[in-house]
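The structure under discussion appears below in the form of structure tokens.
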Amino acid sequence: MNPYDDLANSVIFKIKKNKISVKNKDSRLEQIGAGRSAVVFKIKNTNKALKVFFPPHEHIAQEEAEIYQQLQGNSHYPKLYGSGKNYIVIDYIKGFTFFECITKGIRIKESYIAEADEALLEARKAGLTPSDVHLRNIILTPEKKIKLIDVARFKQTNGCKQWEDLKKAYDIFYTKKFFPKRIPAFWLNQIANLYNKGFLRPSNMQMKRKPFVSTENRIKKSS
């Protein structure tokens with residue numbers, strides 16, 4: 001049997017009032033995150049992470065595994081080591097998400113935005129359509145490199161503008177001297193809630209701004 005199967009099968013979820021928590025797990029697993037469809041664990045004494053999807057989202061495991069396979073060899077994305085009916089195993093990425101950077105006051109440089117833009121361009125060249133890109137799935141590593149995780153929605157064709165809106169908000173607000181570079185998680189979550197309801201969307205704002213220049217366009221202009 002696949003050794004990862006045992007670890008994934010050890011994870012028992014508890015559902016109470018539409019909230020899901022981990023009731024039991026193998027002692028080799030350290031919970032490091034949770035999202036809308038899965039819980040993520042670091043496999044102790046390794047540099048690997050186990051992502052286990054809970055009901056009724058188990059089918060996403062196969063979808064995300066296929067996307068990571070398309071991205072294999074790309075340094076901006078984790079390596080895929082294995083998958084099962086309700087889990088995937090990928091690189092454990094050290095660092096802080098852009099969300100954590102803002103809550104901790106770690107400055108997000110324009111070069112980091114450009115590198116994330118480049119990583120998404122590489123995904124498109126691999127035949128994918130990146131969607132649902134937000135502050136929590138872009139990681140700044142200790143080496144000041146950018147990694148992207150949570151790619152399950154990289155095959156959607158819904159015309160998601162979230163990344164473009166983030167870049168515009170970065171240019172319109174974050175780069176200004178008066179704008180705070182450290183914001184409590186509570187307020188970031190409130191902003192995200194308003195955005196998801198259709199408010200505070202830079203793409204809907206009629207404001208003059210200089211266009212964001214991607215890494216690809218920078219290269220074209222300099223050549």
**OP:** Could you please state, rounded to a whole Å, how far the C-alpha centre of the stretch 16-94 is from the C-alpha centre of the stretch 187-201?
**Re:** 27
Original post:
Which of the pairs Lys14/Lys44; Lys14/Lys94; Lys109/Lys168 have their Cα atoms more than 25 Å apart in this structure?
Top reply: Lys14/Lys94
Original post:
Can you give the charge dipole size of the stretch 100-149 about its Cα centre, rounded to the nearest 20 debye, using +1 on the beta carbon of Lys and Arg and -1 on the beta carbon of Asp and Glu?
Top reply: 140
Subject >> Residue pairs, from the table Lys19/Lys42; Lys79/Lys147; Lys51/Lys161; Lys125/Lys167; Lys147/Lys176; Lys48/Lys147, whose Cα atoms sit over 18 Å apart >> reply: Lys19/Lys42; Lys51/Lys161; Lys125/Lys167; Lys147/Lys176
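Assign one of three labels to the stretch 1-101, namely rounded, prolate or oblate, based on the Cα gyration tensor with a ≥ b ≥ c the square roots of its eigenvalues; rounded applies when a/c is under 1.5, prolate when it is not and a/b is larger than b/c, and oblate otherwise.
It comes out rounded by the Cα gyration axes.
Let me know the shape class of the chain, please: from the alpha-carbon gyration tensor, a ≥ b ≥ c as square roots of the eigenvalues, rounded when a/c is under 1.5, otherwise prolate if a/b is greater than b/c, or oblate.
Prolate.
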Original post:
Per residue, what volume in Å³ does the Cα convex hull of the stretch 1-56 take up?
Top reply: 79
Subject >> Sum of -39500 (n - 2.57) over DSSP H runs of 4+, divided by residues of the chain (222 nm, nearest 500) >> reply: -9000 deg cm²/dmol
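We did not get these values from a lab; they are worked out from the coordinates using the rules stated. Predicted model only: the values in this text are computed from it and were never measured. So basically every Cβ, Gly included, is an ideal-geometry build from the backbone, and we count neighbours across all protein chains shown.
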